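Here the structure comes first, spelled out in structure tokens, and everything after it is commentary.
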Amino acid sequence: MEHVVSFRRLDMLKGTPQPFPYQGSKRYLANAIVPLIPDGVDRIIEPFCGSAAVSIAARQTGKVQSAVIADINAPLIDLWNEILKEPDRLIAGYTYLWNEQLSNPREYFKEVRDSFNETHKTALLI
């Protein structure tokens, strides 16, 4: 007997915040994944978290009370730590970058990418 999971948009996920776009994000798959979390699970662990789309969706829907996110990408985890612990500092850094790129976005992107590759500063990752 084949188990078929129906895929439908969860209304309660509309407007779920995503702090940044991420290549390979599970944001659209969260609609299929979250309903598979058994009732009574208090915490999920999301390895390869990326943008933590599943954890955010599971918390947004009230399916779990907490989530642990993990990823081998150290600068990404540094970014998450800054989002959670020092959001104002990150916002200030990103606001500066956004305003600086307005005159020549393509060239500025290349400069920021090179700088990130050298320094791994979290605001530059976004």
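The values are calculated or read from the model by the stated rules, or taken from the named source; none is laboratory data. Treat the numbers as computed from the prediction; the structure is a model and nothing was measured. Ideal geometry is used to build each Cβ from the backbone, glycine not excepted, and the neighbour counts take in all protein chains shown. Only protein heavy atoms, including side chains, enter the accessible area calculation; ligands, DNA and RNA are left aside. Shrake-Rupley method; radii C 1.70, N 1.55, O 1.52, S 1.80 Å.
So, in nm, how far is label Phe116 from label Asn73 when the simple model puts each one 7 Å beyond its Cα toward the Cβ?
With each label placed 7 Å out from Cα toward Cβ, I get 0.8 nm.
Can you compute the helix-only [θ] at 222 nm over the chain? Use -39500 (n - 2.57) per DSSP H run of at least 4 residues, normalise by all residues, nearest 500 deg cm²/dmol.
On the way: 6 runs with 58 residues, N = 126.
After summing the helix terms and dividing by the residues of the chain, the value is -13500 deg cm²/dmol.
Quick check: pseudo-label points 7 Å beyond the Cα along Cα→Cβ at Phe109 and Phe48, how many nm apart are they?
2.6 nm
Kyte-Doolittle mean at least 0.0 and Cα extent at least 30 Å along the axis: which DSSP H helices of the chain qualify? All intermediate terms of the calculation are to be shown ahead of the outcome.
Details: long enough: none.
Correct list, ordered by number: empty.
Using a 1.4 Å probe over the heavy atoms of the protein chains, calculate the carbon and sulfur portion of the accessible area of region 1-120 as a whole percent.
Details: 4780 of 8560 Å².
With neighbouring chains kept in place, the figure for region 1-120 is 56 percent.
What number comes out for accessible area per residue over the chain if the probe is 1.4 Å? Units Å², please.
Details: 8890 Å² over 126 residues.
On a per-residue basis, the chain sits at 71 Å².
Once every Cα of the chain carries one equal point scatterer and solvent is ignored, give the base-10 log of I(q)/I(0) from the Debye formula at q = 0.16, 0.21 Å⁻¹, two decimals.
Values, matching the q order: -0.87, -1.22.
Using a 7 Å offset from the Cα along the Cα-to-Cβ direction at both Asp88 and Ile37, what is the distance between the two label points in nm, to one decimal?
Distance between the two pseudo-spin positions: 3.0 nm.
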